[in-house]
Amino acid sequence: MIPSVLPTYNRAELTFVKGEGAWLIEADGRRFLDLGAGIAVNALGHAHPALVAALTEQAHALWHVSNLYKIPQQQALADALVAETFADTVFFTNSGTESCELAVKMARKHWSAAGEPERTEIVAFTGSFHGRSSAGIAAAGSEKMTAGFGPLLPGFTHVPFGDHEALKRAVTEKTAAVIVEPVQGEGGIRPLPDACLKGLRELCDETGALLIFDEVQCGMGRTGKLFAHEWAGIAPDIMMVAKGIGGGFPLGAVLASESAAAAMSAGSHGSTYGGNPLACAVGLKVMEIIADPEFLAGVSRRAGLFRQRLEGLVADHPEVFEAVRGAGLMLGLVCKAPNTEVVKAGYAAGLLTVPAADNVVRLLPPLTITEEEIGEATDRLARAAESLAPAEAS
Ligand SMILES: *Cc1c(COP(=O)(O)O)cnc(C)c1O
């Protein structure tokens, strides 16, 4: 008999009843150090006092009104995002998937309005993840996500991640847009080198194709800059945001330059919930905290420490781990043991991590994780590794 919850997840036997900062407390009282953070969602940890205050204050005043009316919290969050990024304008969604839908629609509308309605093609990368809608799975293109869901949304082509020559061949005067994660998340924490991001920007400028960055996972301070592409000193035309921007409240956004977004007029897109007062009151507080240069410098500092500890861990446990990669507090342990076994051994050691493709274990702690907690996380990872490959008795 099918379970009452549609069984699309293999759930661990863990039920969390409370969260405090980087910690989750199981129904039986066990404390787990959370290096998954709801898959990069709880960017400020669990029950951050400033977010609790912003949420409850807004909850007492007004939860939801339609986008038929003016929403000051939404206006303030859009202004903050425009002030801190390349963008001239913002549309709010409830998830990364919805941000993907609008990014694709916006790119196609741009060319339709420019008198090139046949210019619809979107170039994407293998190993990418852009969400579970029809456009999202067509963009990612992997068999695992698309099997049985055809006919797929047409107009997507895929090039191997990091293959410059294939990319040059694929991006032409027929390309509406290129969509890429500056750091692949689900694909196994694979950063696109700065030189590739710069080259991609040049390629798009030469052909006129719009550049869409999917910063749903790598954005909102995760790499130590507000958005990951800032490290490369270039900007996209359109950017998808979600996950960390709501700190745990469902919120997403599409940011765009004026020229990319110019064709989106009244009635061309919409959302019932997107950008409602409750979501934006929380998002505004998240933005206020994360966009602070001092906060971001702290992320980079602690990321450096964590990375150093993890290099040591890999060196101490070569039978379990192969390498560390990633950017900022978006880190991946490339495993020799099956990554799902490492994640399970982590549970036994009171540690939550998330598997990704390429036999990687993802470490996406709250950006507020302390140095002491980083030490604790490394100790627990070492215990997990020892349970998989016991060190020889000396
Ligand atoms: C999670 C994710 C999405 C999809 O976001 P949802 O909120 O689950 O719809 C899209 N792109 C990337 C890079 C993601 O990590």
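Helices assigned as whole DSSP H runs in the chain whose Cα atoms extend at least 27 Å along their own long axis and whose mean Kyte-Doolittle hydropathy is -0.5 or higher are found at 293-316. Here the convex hull built on the C-alpha positions of the chain has a volume of 159 cubic angstrom per residue. Mind running the shape call on segment 229-371? Use the C-alpha gyration tensor, a ≥ b ≥ c as the square roots of the eigenvalues: rounded below 1.5 for a/c, prolate if a/b tops b/c, oblate otherwise. Prolate, since a/c reaches 1.5 and a/b exceeds b/c. Using a probe of 1.4 Å on the protein chains alone, the accessible area found for residue 379 is around 90 Å².
Using a probe of 1.4 Å on the protein chains alone, the accessible area found for residue 157 is around 50 Å². For the listed residue pairs 144/285; 109/198; 174/285; 70/243; 18/70, the alpha carbons are over 31 angstrom apart in 144/285; 174/285; 18/70. Using 0.36 nm per residue and subtracting the Cα-Cα separation, the extra length available between residue 112 and residue 13 on full extension is 30.7 nm. What part of the accessible area of segment 109-209, given as a whole %, is carbon or sulfur when the probe is 1.4 angstrom? The C+S portion of the solvent-accessible surface of segment 109-209 is 54 percent. Shape class for segment 125-233, computed from the alpha carbon gyration tensor (a ≥ b ≥ c): oblate, with a/c not under 1.5 and a/b at or below b/c. Ordering 259, 133, 99, 300 by accessible surface, largest first, gives 259, 300, 133, 99; the 1.4 Å probe counts only protein heavy atoms, with every chain in place. Give me the one-decimal nm value for the distance between modelled label points at residue 348 and residue 152, 7 Å along each residue's Cα-to-Cβ direction. Rounded to a tenth, the inter-label distance reads 3.9 nm. Rounded, prolate or oblate: which one fits segment 193-304, using the alpha carbon gyration tensor with axes a ≥ b ≥ c (rounded when a/c is under 1.5, else prolate when a/b beats b/c, else oblate)? Since a/c reaches 1.5 but b/c is at least a/b, the shape of segment 193-304 is classed as oblate.
A straight Cα-to-Cα reach below 19 Å connects residue 105 with the aspartates and glutamates 88, 116, 118, 121, 173, 181, 214, 215, 237, 258, residues fewer than 8 places away in its own chain not being considered. Of all lysines in the structure, those lying under 19 Å Cα to Cα from residue 344, and not within fewer than 8 positions of it along the same chain, are 336. Please list, by residue number, every one of the trypsin sites (Lys or Arg not before Pro) in segment 26-101 that is coil in DSSP and has at most 15 other beta-carbon atoms within 10 Å. Sparse-neighbourhood loop trypsin sites (Lys or Arg not before Pro): 30, 70. GNM remark for the chain: springs join alpha carbons under 10 Å apart, and the peak mean-square fluctuation among 264, 240, 106 falls on 264. Its relative contact order, with pairs defined as Cα atoms under 8 Å and 6+ residues apart, puts the chain at 23 percent.
Spacing of the modelled spin labels on residue 165 and residue 84, each 7 Å from Cα toward Cβ, amounts to 4.2 nm.
The values are calculated or read from the model by the stated rules, or taken from the named source; none is laboratory data. A quick note: this is a predicted structure, and the numbers were derived from the prediction, not measured. Every residue, glycine as well, gets a Cβ built from its backbone with ideal geometry; the counts of neighbours run over all protein chains shown. Calculation scope for accessible area: heavy atoms of the full protein, side chains included, ligands and nucleic acids excluded. Shrake-Rupley method; radii C 1.70, N 1.55, O 1.52, S 1.80 Å.
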